[in-house]
1. As an exercise, use a Förster radius of 22 Å and the Cβ-Cβ distance of residue B:708 and residue B:671 to find the FRET efficiency, rounded to the nearest 0.05.
2. Take the Cβ-Cβ distance between residue B:94 and residue B:574 as r, set R0 to 51 Å, and report the resulting FRET efficiency rounded to the nearest 0.05.
3. Run the simple label-point estimate for residue B:265 and residue B:211 please: 7 Å along Cα→C-beta, distance reported in nm.
4. Could you list, in their original order, any pairs among A:182/B:118; B:242/B:370; B:107/B:329; B:804/B:922 whose Cα atoms are separated by more than 25 Å?
5. Once you have a ≥ b ≥ c as the square roots of the Cα gyration tensor eigenvalues for region B:819-904, tell me rounded if a/c is under 1.5, and otherwise prolate or oblate according to whether a/b is larger than b/c.
6. What FRET efficiency would be calculated for the residue pair residue B:657, residue B:845, taking the C-beta separation as r and a Förster radius of 51 Å, to the nearest 0.05?
7. Once you put a point 7 Å from the Cα of residue B:605 and another 7 Å from the Cα of residue B:24, both along the Cβ direction, what distance in nm separates them?
8. Does region B:535-653 classify as rounded, prolate or oblate by the C-alpha gyration tensor (a ≥ b ≥ c root eigenvalues; a/c under 1.5 gives rounded; else a/b over b/c gives prolate, otherwise oblate)?
Amino acid sequence: MTKDDADVRQSLLQRLQAGEAAARDELISRSYERLRRLAARMLRDFPIVQNRATTSDVLHETFFRLRRALEIVPLTTAVEFYRLAALHMRRQLLDMARSLRHQPESFGLHSLTNSQSSSSASYPEPGHTTLDPAALARWQEVHERVEALPEEERIVFDLLYYHELSQAEAAEVLDVSIATIKRRWTAARLHLAAYLGDASL
Amino acid sequence: MNNDARLLDLLTQYEDAKAQGRLLTAEELCSDCPELLDEVREKLAALERMNLRLAAIGPAPDTPLVSADDEQSGHWLNVVESLTLSGRYEDIRFFATGGMGEVWTAKDVSLNRLVVVKVLRHEHFRSAEAARRFLSEAEVTSRLDHPGIAPVYAVGRLPDGRPCYVMRFIEGCSLQDAINRFHEEESATPPSDTARQAKAPFPSAPVCFDSLAFRDLLGHLIAACEIVAFAHSRGIIHRDIKPANVMLGNFGETLVIDWGLAKSLPDQDEAVEQVVQDRDPSHETTLGTVVGTPAFMSPEQAEGRTELVGPASDVYSLGATLYVLLTGKAPFRQSRLDFLLARVRRGDFPPPRATGQVPVPAALQAICLKAMAREPQRRYASAGELAQDLKRWLADEPVCAYRDSVLDRLRRFARHHRSATLASAAGLALTLLVALTGLIVVQQQQRTTEKALRAEVQAKAKEAAARAVGDHARRHALEVLRSMTDDLVMNQLSRALGDPQGNRDYYQEVLKHFERLAAITEDDTASRLIRAEGLGRVAWLRYQIGRMQEARLACKESIAVFNALLDEPIAQQTEFRKQLATNYNLLATVLKELGEPERAEILYTDARSILQQLKAEFQNRPDVRSDLAMCCNNLGNLLADTDRMPQAKLFYEEASILYKQLSDEEPDNRRYLQELAIVYNNLGILQENLSQLEQAHSSFRQSLAIFQGLAAAYPERSEYRRDLAMCHNNLANVLVQTGCFQDAEAAFSKALGIYQQLATEFPNRTEFRRQLAMSRNNLGSLLQILKRWQEAQFQLRNALNLYKQLATEFPHQPDIRSELANTLNNLAVLSNEEHAFHAAIECLSEAEPHHQAALNANPANPEFRQRYRNALWALVKANAGLLERAKALAAAEKVRDLGWDPVANAYDAAVALARCIRLVEKLDTLSQEERDAAVSWYGERAVAMLRYAVEKGFRSSVTLKIDTDFADLRLRQDFQRLLADLENSYQPARSQP
């Protein structure tokens, strides 16, 4: 994240706290951007989910969910916004992963596009990658486990991981010291490691 | 400071140092607190593992995660260090990362040979399952002692505990690389052979299948088949055979690698599947159970049916590998995995010869297609047999998979006996003559195939041209297509009535055009808009022909394209917003069909708010108001279906007001009128459900008046007549409920008349015959109420005949079976009324299998259940009429034991018994004494049954007091006692409303 980004976010947060709705929309679209990147990353790592319709779905729907949720819940603080947004991002990613694992079979006769005109056999096609369903399950697990973190750690995790705030920014949002952020961030990851380690044994 | 806090501080210190490029060891961190050393070491490892894992699922910049450099210096160093420390290996280099492990190369000093070291990746370290799977490759390969399978030299663990194993290093390249080179080089060679050039129907230079290079590659593939056959003989299937997993050594050796997905047969090693199955208990096909590489996996693998995956699956993948060798392309090329897997499941790939590039020898194509047969039993029985057939081809012998044409056989004969050819030429002439007819057939077949090929190529060229044309032409094409579908919108109903198949074909045709538009990939705004519109129309057409899942996909994609444009100025334009709303509306409708009412509701609401906004801005645009009205009507339907009648009513009313305005403004526009009538009809059904019979009556009348007008003005438009009949029928139902039997009879008769007409005009449309049957059944029931037995019987018999015909045509449609059974019920009831009890029982036993079939298909359907209960009621009565008390009681007990709802079932059983009292009272075959005895017997049984219902939880004494079916019981003492018991002893329970 650049310095400019941080400045923009700072002013957005101030505007949000001053009760300006437009600031909220802009913050949403920033979270949306992060979600898009996470989804894209997921699609790259799990070729089985490389389905354009689903990618756009996930983004489209989160956008709506988030908007809807934020319209209903009056926001007073930036923390609330971040918490809610992270919650929705996480749920959306999980839904996406789940829907992929349970996708109905009935895809019909017509494929929408096969616009690949290249005839070269070496073109990297998703169909050529070995599928490993267990990896997707492991990925899913992380996001599920975040939900179970202690409140303070989860908020820090949300801010740093889902919202890509810097530790200094997170400290400001939560009005605590950077050292506290660091401790909670470490504790959160240790908790996750413990959960996941246990879960897979 | 307690230990936990101290630990966190130490770890934070570690991360701070790392962020500044310094790696602290656990010892350094714990110099002041050696007692924490073990714990710090453990937590550090955990933290790094987590960092890796988080980095793997999405980078979080500005947070102290391990960078690539750190990895090199951090845990990667670990590998080098520990391997070096062992003293046995040197020159350790990182080679690649795979799904589970890292691959390193090293030199084994003691034996002076190159080895591969595979180490489980850090992030999988703590997963027992991952470790097990990782090591299973080593375990499997160690069980396979074959020169074509790289041997495992050693298995062990690194000092950090990660499992690793050492394998033979193979110098060479993969079959995939070799195939790529072969096809590139061959097609790059200019065609020197003029004869071949003249013969080849395609412009590009064909690959030569006689070349040494090809025969060499085929030899490697044969070797791979034999290696796989060997593994099968040891009970192991590979499950991930593909050209990339066949290695060609520099000295001609062939190896099959990557046994990480291998599975033992038949029952060991189920744990991997078990894990997946555990997470996904349903045995339906889900992507989660698909294991392997999609473009090469067998249909059974793509279906996730792990129980079917066996040696034949590897045979299939070897066939797919042969396909790549023959054509240079994978059999399935698709950028979308879901579609790709669907095609794999269907076995939907072009035969090698149809790829349009190379004239693949027919015998090789036949071998390839046999190996890739969709059904495992139709493939080669073993990988060895596949190898054999390929060898036969190499040796120029006839292959099993292919019956040579006469010409081929003659040619082979000529090649094998070249010196003899001239001498026996005379003899051959005779053979040729005999074979002539056969030859002609072969040539004709070939011509047909070529024609098909040409057509395909032409189509492809046309498509390419269509894509290449400029923006202007594209827009023009779009206009034409729009008009095609707009015409469809206006005519679709009548078309659908007249020629459903033709209509479907037409949709399919238009669909193809739009699919082309939807495939536009250019990124400028105009192209994206066209793409969005194309997708929207594709969705609509798919919806029209009932391909819901696909409609949903297209619609979602369309909306996604629109959404991506939301930030651009174009998004403010009316047409853009209107189209977005249309797509929301369509997607909602599709989702509703697919059983997702919640999401449908959200989308309808979104569509409605967009359209309301537009309506506010453009008061005069009828199209916006019409769209809004449609949306309201849809929303009303959805709410009514989900039992929110009051809200639904509001939306229907909003829709009716809008359509009313529109049809007043444009009285000539039939569509508005038709829509208005439909909304009135929907409103009527809703009011009927709310028991607002008078209002329902008036709504149906309004609807009826409009349809009558339309049907009279446009007699050629059959859909108006159909809607009119529906309306008559609905109105009649309300009239029956309000006791206006004469009007009801008239309305039913009118509906019947129209359906009769339609069924005659459109004999292929089963729904008309069904509606006619329904109409006759309804009228028959009404006539029965009116005690006009003979007329009732006439209608019911007619209905029965229609239903019987339909049931023979559609034996698996539960609705039809249940309706058939219901008509038989009605006939039985009628027979009971006429005291023709034997006839009633006959009808009922005829109905029984139909009831059962319907209930088997859908056990919870309330209508099916009610009809079956009615049948049992009629059976109780018929047996009572025949003085068969035991049988009557048995039938009543059958009602009691239906098991749907113990209380309601017992209550219904009591009703059936109580109703017998009235019947036996009227039986003039009995003496007065006998009659009294029967009345008393049924009364007793009915009360006993009621007591049973009370035991099961029935509590409402009020219901017992007012239910007319129990009128004959009220004077009985046992009934009074039951009532008293209910009111006294069950008092507390009555506090429940």
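Bear in mind these aren't lab numbers, they're just calculated from the coordinates by the rules spelled out. The shown structure was predicted, so the numbers you read here are calculated from the model rather than taken from an experiment. Ideal geometry is used to build each Cβ from the backbone, glycine not excepted, and the neighbour counts take in all protein chains shown.
1. Working: r = 17 Å, r/R0 = 0.78.
Using R0 = 22 Å, I get an efficiency of 0.80.
2. 0.30
3. If labels sit at residue B:265 and residue B:211, their model points lie 3.6 nm apart.
4. Values: A:182/B:118 35 Å; B:242/B:370 17 Å; B:107/B:329 37 Å; B:804/B:922 34 Å.
Flagged as over cut-off: A:182/B:118; B:107/B:329; B:804/B:922.
5. Values: a/c = 2.31, a/b = 1.33, b/c = 1.74.
Oblate is the answer for region B:819-904, as a/c is 1.5 or above yet b/c matches or exceeds a/b.
6. On the way: r = 54 Å, r/R0 = 1.05.
Between residue B:657 and residue B:845 the formula returns 0.40.
7. 5.3 nm
8. Numbers: a/c = 1.94, a/b = 1.09, b/c = 1.78.
Oblate, since a/c reaches 1.5 and b/c is not below a/b.
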